[in-house]
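First up is the structure itself, then whatever we jot down about it.
The values are calculated or read from the model by the stated rules, or taken from the named source; none is laboratory data. If you're wondering where the values come from, they're calculated on a predicted model, not measured in any experiment. Glycine also receives a Cβ, built like all others from the backbone with ideal geometry; neighbour counts cover every protein chain displayed. We work out accessible area using only protein heavy atoms, side chains counted, and drop any ligands, DNA or RNA first. Shrake-Rupley method; radii C 1.70, N 1.55, O 1.52, S 1.80 Å.
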Amino acid sequence: MPETGTRPEIVTIPCLQDNYAYLLHDPATGRTALIDAPEAAPIEAALAARGWQLTDIVITHHHWDHVDSVEALRSATGARVWGAAADAHRLPPLDHALAEGDTVEIGTLQGRVIDVSGHTVGHVAYHFPEAGAVFTADSLMALGCGRLFEGTPGQMWESLQKLAALPPETLVCSGHEYTAANARFALTIEPGNAALRSRSDAVAAARAEGRPTVPSSLTEELATNPFLRAADPGIAAQLDMAGAAPADVFARIRSLKDAF
Ligand code: ZN
Ligand code: FE
């Protein structure tokens, strides 16, 4: 066990209507990163409550509800801004432009950049092994995945496969509180999945108390998230797609969700 006070800390911050931002704090150096910047006030309050100084802002994708407060926080703190080079033309100015496989350094913590195009083309996720967490925003979400505004179903399926290959105990820090609606949809795809049914009950209980349903673990997503489970023969059979390619089953599940 690491000594108390040496473990990386992750703070979940509800923003706007249903967004989440996260703080990642490295106790060894005091450096603190923000992953996505939907709204300055709750983020500043979370920093102040812990006496942390924002040093880095890490962006997942260009949608306004993920970048709206980057400039306000940058000018208030002098934080360095990291984001995808592929999206630099539509992101706030970057201090560090990244491609898949690059590393984000937050003090002693290293985050590997994963291209998770699908929701947008250029969306990236950040895996921090020492923190046991991946920041996925609108790619892999709790019991769901982002709507395909720019990418193809095949692209998103490939992106989800990369995330599915991370260590199963990894915490999935996603960008929105959509889990209750995602659970209702997931149950239409796999009504007989016992793990999904109990997770759905736990999600409803958490929301009734106003608690976030994120982060989740990759283990529970692999067991219950229909978008990660498109290769499961039972799901293909349920959709009358026995023997179909997983990417095609995924595409079908995504289009059913769009119409749900
Ligand atoms: Zn988005
Ligand atoms: Fe979003």
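Points worth noting:
- Qualifying positions in region 144-166 - among the hydrophobic types (A, V, I, L, M, F, W, C), buried (at least 24 other Cβ atoms within 10 Å of the Cβ) and within 16 Å of ligand 2 (Cβ to nearest atom): C145, M156
- The residues of region 80-119 that are among the aliphatic types (A, V, I, L, M), within 16 Å of ligand 2 (Cβ to nearest atom) and within 17 Å of the chain's Cα centre (by Cα), listed by number, are A84, V116.
Yes or no, residue by residue, for (1) within 19 Å of H119 (Cβ to Cβ); (2) open to solvent by less than 10 Å² (accessible area, probe 1.4 Å):
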| site | (1), (2) |
| --- | --- |
| A208 | no, no |
| P215 | yes, no |
| I235 | no, yes |
| L239 | no, no |
| L256 | yes, no |
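- Residue list for region 21-40, filter: open to solvent by 10 Å² or more (accessible area, probe 1.4 Å), closer than 22 Å to A84 by Cα and not basic (K, R): H25, E39, A40
- Residue tally, condition free of Cβ contacts under 8 Å to residues at least 24 places away in the same chain and outside any strand (DSSP E or B), over region 1-53: 14
- Exactly one residue among A195, A186, A125 is in contact (Cβ under 8 Å) with a residue 24 or more places away in the chain, open to solvent by less than 10 Å² (accessible area, probe 1.4 Å) and in a helix (DSSP H, G or I), and that residue is A186.
- When T120 is tested against (1) within 16 Å of ligand 1 (Cβ to nearest atom); (2) in contact (Cβ under 8 Å) with a residue 60 or more places away in the chain, just one condition goes unmet, and that condition is (2).
- In region 120-142, the residues that are more than 14 Å from ligand 2 (Cβ to nearest atom) and closer than 13 Å to L160 by Cβ: V134
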